[in-house]
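One structure below.
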């Protein structure tokens with residue numbers, strides 16, 4: 001089997017609890033593993049609630065944070081052992097698109113400056129004409145034209161335009177992987193559909209893979225090839241996106257899917273939910289299943305050890321002891 005393009009191996013990230021810290025250690029990500037392959041290009045969704053560890057994972061992948069344990073490899077090279085040239089290659093081939101594009105812009109510069117920086121830093125053009133052609137090509141991919149936006153300031157663009165500019169900037173480098181962190185949460189429904197279509201176009205026509213970070217299961221279902229559902233820093237369920245949404249197995253994922261309100265004005269959507277605090281669950285039940293305090297099927301074993309991943313169907317796994325016996329009875 002081919003070597004993964006990006007390999008995350010048993011990565012744990014702990015915040016707090018240091019020698020000079022008065023705060024208790026909080027496990028943001030616990031033994032997380034994920035492989036992203038180069039071919040075929042795929043959209044892998046990382047889904048979960050706020051505080052599930054999604055942002056921590058993004059910061060680890062982009063090299064902004066070092067893991068407390070485990071390692072992240074790109075083309076077989078440890079991210080934190082790369083030399084200068086290897087890191088430059090990584091920066092070029094792994095791009096990011098963030099939730100709020102306005103925070104990425106310097107308001108004192110025109111949009112042209114964003115692309116000029118990319119051209120200069122990565123030496124994309126030998127002259128102004130070639131550079132402008134590459135910029136126009138990237139803008140055309142996302143449905144924009146240079147004459148309409150390059151001389152404008154960021155505040156003169158709509159939210160959808162700003163986000164598409166960020167996608168175009170990433171595409172200019174012809175990356176092999178784009179980490180898209182909640183890229184459509186700050187735009188309205190019509191623009192959301194446009195940006196998701198652009199992502200699928202980049203996957204299908206330009207063979208660029210995506211890590212799509214989201215809390216929105218509907219958009220995950222729309223574009224995701226495979227999905228990892230995070231809860232309190234651990235993978236609750238993973239596999240084919242359609243299988244997970246249509247037939248969730250982990251009690252937490254079942255709760256997530258069932259919480260989506262039915263389109264019926266006669267049915268009241270219950271929003272008065274009281275949950276134990278995130279910090280309490282992460283520290284108190286660190287040795288057991290994170291979901292135990294909320295799980296209707298909790299067993300003694302759930303308090304003792306975090307469950308591993310059990311096969312619950314073709315290309316479908318869940319971290320729940322409900323399926324341990326089922327897997328043990330399967331023929332070898």
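Looking only at residues of segment 301-312 that are at pLDDT 90 or above and outside any loop (DSSP other than H, G, I, E, B), we find that the one that is farthest from residue 237 (Cα to Cα) is 301. Is it the case that residue 20 is modelled with pLDDT of 95 or more and either farther than 30 Å from residue 202 by Cβ or not in a loop (DSSP other than H, G, I, E, B) (or both)? Judged against the criteria, residue 20 is not a match. The single condition among (1) assigned to a helix (DSSP H, G or I); (2) in contact with a helix residue (DSSP H, G or I) (Cβ under 8 Å, 6 or more places away or on another chain) that residue 103 does not meet is (2). Looking across 202, 191, one residue alone is surrounded by 22 or more Cβ atoms within 10 Å (Cβ to Cβ) and either part of a helix (DSSP H, G or I) or at pLDDT below 95 (or both). It is 202. Could you say whether any residue in segment 79-92 is without any contact (Cβ under 8 Å) to a residue 40 or more places away in the chain and surrounded by 20 or more Cβ atoms within 10 Å (Cβ to Cβ)? Taking every residue of segment 79-92 in turn, at least one turns out to be without any contact (Cβ under 8 Å) to a residue 40 or more places away in the chain and surrounded by 20 or more Cβ atoms within 10 Å (Cβ to Cβ). Applying the criterion of being in contact with a helix residue (DSSP H, G or I) (Cβ under 9 Å, 6 or more places away or on another chain) and at pLDDT 90 or above to the residues of segment 1-17, the residue that is surrounded by the most Cβ atoms within 10 Å (Cβ to Cβ) is 6.
When residue 210 is tested against (1) over 24 Å from residue 290 (Cβ atoms); (2) within 18 Å of the chain's Cα centre (by Cα); (3) not in a strand (DSSP E or B), just one condition goes unmet, and that condition is (3). Being surrounded by 22 or more Cβ atoms within 10 Å (Cβ to Cβ) and either assigned to a strand (DSSP E or B) or at pLDDT below 95 (or both): is that true of residue 29 here? Judged against the criteria, residue 29 is a match. Out of 169, 164, 110, one residue alone is at pLDDT 90 or above and surrounded by fewer than 19 Cβ atoms within 10 Å (Cβ to Cβ). It is 110.
The number of residues in segment 167-197 being farther than 21 Å from residue 105 by Cα, out of contact with any strand residue (DSSP E or B) (no Cβ under 8 Å at 6 or more places or on another chain) and touching a residue at least 40 places away in the same chain (Cβ under 8 Å) comes to 1. Answer yes if at least one residue in segment 266-279 is part of a loop (DSSP other than H, G, I, E, B), touching a helix residue (DSSP H, G or I) at 6+ places or on another chain (Cβ under 9 Å), within 22 Å of residue 17 (Cβ to Cβ) and modelled with pLDDT under 85, and no otherwise. Yes, because at least one residue in segment 266-279 is part of a loop (DSSP other than H, G, I, E, B), touching a helix residue (DSSP H, G or I) at 6+ places or on another chain (Cβ under 9 Å), within 22 Å of residue 17 (Cβ to Cβ) and modelled with pLDDT under 85.
Conditions (1) under 30 Å from residue 35 (Cβ atoms); (2) in contact with a helix residue (DSSP H, G or I) (Cβ under 6 Å, 6 or more places away or on another chain), marked per residue:
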| position | (1), (2) |
| --- | --- |
| 121 | yes, no |
| 135 | no, yes |
| 148 | no, no |
| 151 | no, no |
| 188 | no, no |
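When you check residue 129 against the structure, is it at pLDDT below 95 and either within 27 Å of residue 63 (Cα to Cα) or within 26 Å of the chain's Cα centre (by Cα) (or both), yes or no? Against the criterion (at pLDDT below 95 and either within 27 Å of residue 63 (Cα to Cα) or within 26 Å of the chain's Cα centre (by Cα) (or both)), residue 129 does not qualify.
The values are calculated or read from the model by the stated rules, or taken from the named source; none is laboratory data. The structure presented is a predicted model; accordingly, all values stated were derived computationally and were not measured. FYI the Cβ positions are ideal-geometry reconstructions off the backbone, even for glycines, and counts take in every protein chain you see.
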